[in-house]
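K.L.:
Below are the C-alpha cells for one structure; questions will follow.
The values are calculated or read from the model by the stated rules, or taken from the named source; none is laboratory data. Values in this document were obtained by computation on a predicted structure and should not be read as measured data. With ideal geometry, Cβ positions are generated from the backbone for all residues, glycine too; neighbour counts draw on all protein chains shown.
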Amino acid sequence: MIDHVTLHVSNLDRSAAFYEQALAPLGYKRFPGDFDGAAGFGASDPEDASGHLWMFAEGNLVKITEVHIAFAAKDEAMVRAFYDAALLAGGRDNGAPGPRPQYGPKYYGAFVLDPDGNNIEATCYTK
C-alpha cells in the first residue's frame, strides 16, 4: 500500500492552489499548517497513512531527486527489512531507518534511491 507520493514543484503556492481545487471532488483537503514550507493533501490527518500527496519547492525539507514514493509498513522491523532488502537489490542509501520527528512525532522511516535515482521510502507510525 502506498503511504504518500511527493512532488517537486517550481511554485508551491501555485501548485497547492491547483491541487486544492482539482482534488476537492475526490475528497482530498489541504492539511492546515506550514510543514516547513510544504503542502500536504489527504482525506485524513497527516499522521494517518492513507494515500497522501505532498509537494515541496526547491530547498525545502527534503531533497526530491526524481519521484518520491513512500510505502506503508506495519512496524519498525518491516521498515528496516525494506531498507536492507533494497540495499541488497542495488539501491543506494538515502536515509537509514530511524525516527523522523521533523515529519511528525510518531514518524519512522527509511529512504533508498532506486537505480534511476527515485527516492523510495518505507514508513510507519510508532505507538
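K.L.:
Go through (1) modelled with pLDDT under 85; (2) over 22 Å from residue 72 (Cα atoms) one by one and return the number of the condition residue 8 breaks.
P.N.:
Only one criterion in (1) modelled with pLDDT under 85; (2) over 22 Å from residue 72 (Cα atoms) is unmet by residue 8, namely (2).
K.L.:
Another one. Counting only residues that are within 25 Å of residue 72 (Cα to Cα) and among the charged types (D, E, K, R), how many does region 11-20 have?
P.N.:
Total meeting the criteria: 1.
K.L.:
While we're on this one: Pick from region 7-42 the residues that are hydroxyl-bearing (Ser, Thr, Tyr) and assigned to a loop (DSSP other than H, G, I, E, B): which of them is nearest to residue 104 (Cα to Cα)?
P.N.:
Only one residue fits best here, namely 28.
K.L.:
Suppose we keep only residues that are within 19 Å of the chain's Cα centre (by Cα) and not charged (D, E, K, R) within region 11-29. Which one would you say is modelled with the lowest pLDDT?
P.N.:
That would be 23.
K.L.:
Please list, ordered by residue number, the strands (runs of 3 or more DSSP E) wholly in region 47-101 having 1 or more residues that are closer than 26 Å to residue 33 by Cβ and modelled with pLDDT under 85.
P.N.:
Result: 52-57, 68-72.
K.L.:
Follow-up question, since we're still on this one. Which residue pairs have Cβ atoms closer than 7 Å, lie 6 or more positions apart in sequence or on different chains, and pair a first residue in region 101-119 that is within 18 Å of residue 31 (Cα to Cα) with a second residue that is of a type in the set (A, V, I, L, M) and at pLDDT below 90?
P.N.:
102/61
K.L.:
Something else now. Can you give me the number of residues within region 108-124 that are surrounded by fewer than 18 Cβ atoms within 10 Å (Cβ to Cβ) and either modelled with pLDDT of 90 or more or at positive phi (or both)?
P.N.:
1
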